[in-house]
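Below is one structure, written out as structure tokens; comments come after it.
The values are calculated or read from the model by the stated rules, or taken from the named source; none is laboratory data. None of these values were measured; they are calculated from a predicted model. Methodologically, a virtual Cβ is constructed for each residue, glycine included, from the backbone with ideal geometry; neighbour enumeration extends over all protein chains shown.
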Ligand code: NAD
């Protein structure tokens, strides 16, 4: 646990997790490996970037040589790096499968070679597919219905296969939808917040009836850290316990916090595929590892909106950047540019 390699540490959840790790006295070194795709921003790391314990490496998890070299220098891997936006997966499925599945396999191969002591693969409730009723436990079948979820389900299975085949001490976490500061303004909460703060309209897919469980990013990171420290190798842990909301209810809450009204809301056609509801049972991580979410939704949304209100310089250029609306591409940095060590 003293030397941790975090992939995707410049993304939304990864950057929160890196800051959390750096506050731990028993963590001597954290290395972030991130390709800085459209979704990765060094600025997400803030002052953590200056920590003497942090090393930032600009590169891709698909670069087997780089991954091998980095894994050899660490005792634990926490794997966040992924293409993460469902809508983009409709037009760029190959990139999703490449990054999410082959990237995971590349890391797992290096973990075998170097006898890594802990390997946490970060995944999502979307792998269980739509659940009109009921809740999914970790033993339920995977029924992903969109390319993003399929690529994550495949990567979960690849990661777990390395436990069964090579005894890599892999744990998988599956969390519900995260929200909080530093999220790229393509996902529904930051998209709606940034538009409402500019006085622009927002568009709900369909009738807004889809249900998601909204979990504060810090609660998810607390769960991931518990799994990193005490998870049983080969096990999957659902991380839930947020608030179930239809998108209509979520919109109502965001309008309230942003000081807007229903006049700002229009309705558009539903997206190509849109799972009606996700729901997970998270008693396993609560009972075995003492996980308990602590963030209240109203407080968390207020804090999140306040962050976007105070940091227009962070998100306004991203909202204006047409690249943000294009299919994801990888940055294959030349080796000399990869390593930024402070
Ligand atoms: P994000 O899109 O904000 O961040 C992804 C990060 O991965 C970015 O920094 C990006 O530059 C990096 N990356 C992409 N391709 C890479 C590559 N080939 N090599 C190295 N780095 C690469 O995503 P997020 O919302 O922070 O999600 C992090 C993880 O958590 C993902 O695995 C996602 O599937 C999972 N997850 C997210 C949510 C959510 O609500 N956001 C919920 C459950 C699970």
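Any residue at all in segment 81-101 that's over 15 Å from residue 147 (Cβ atoms) and either more than 15 Å from the ligand (Cβ to nearest atom) or touching a strand residue (DSSP E or B) at 6+ places or on another chain (Cβ under 6 Å) (or both)?
Scanning segment 81-101, I find at least one residue that is over 15 Å from residue 147 (Cβ atoms) and either more than 15 Å from the ligand (Cβ to nearest atom) or touching a strand residue (DSSP E or B) at 6+ places or on another chain (Cβ under 6 Å) (or both), so the answer is yes.
Please state which one of 235, 225, 218, 252 is more than 16 Å from the ligand (Cβ to nearest atom) and either crowded, with 22+ Cβ neighbours inside 10 Å or within 30 Å of residue 162 (Cα to Cα) (or both).
It is 235.
Residue 142 - would you say it is free of Cβ contacts under 8 Å to residues at least 40 places away in the same chain, surrounded by 17 or more Cβ atoms within 10 Å (Cβ to Cβ) and either part of a helix (DSSP H, G or I) or touching a helix residue (DSSP H, G or I) at 6+ places or on another chain (Cβ under 6 Å) (or both)?
Judged against the criteria, residue 142 is a match.
Where the second residue is away from the ligand (no atom under 13 Å from the Cβ) and the first is at positive phi and lies in segment 104-126, which pairs have Cβ atoms under 6 Å and are six or more apart or on separate chains?
Final answer for the pair search is none.
Hey, among 67, 27, which residue is part of a helix (DSSP H, G or I), in contact with a helix residue (DSSP H, G or I) (Cβ under 9 Å, 6 or more places away or on another chain) and farther than 26 Å from residue 176 by Cα?
67
Which of the residues spanning segment 110-134 are in a helix (DSSP H, G or I) and touching a helix residue (DSSP H, G or I) at 6+ places or on another chain (Cβ under 7 Å)?
Once the filter is applied, which keeps residues that are in a helix (DSSP H, G or I) and touching a helix residue (DSSP H, G or I) at 6+ places or on another chain (Cβ under 7 Å), segment 110-134 yields 110, 111, 112, 113, 114, 126, 127.
Find the residue count for segment 269-322, including only residues that are assigned to a helix (DSSP H, G or I) and at pLDDT 95 or above.
So the answer is 21.
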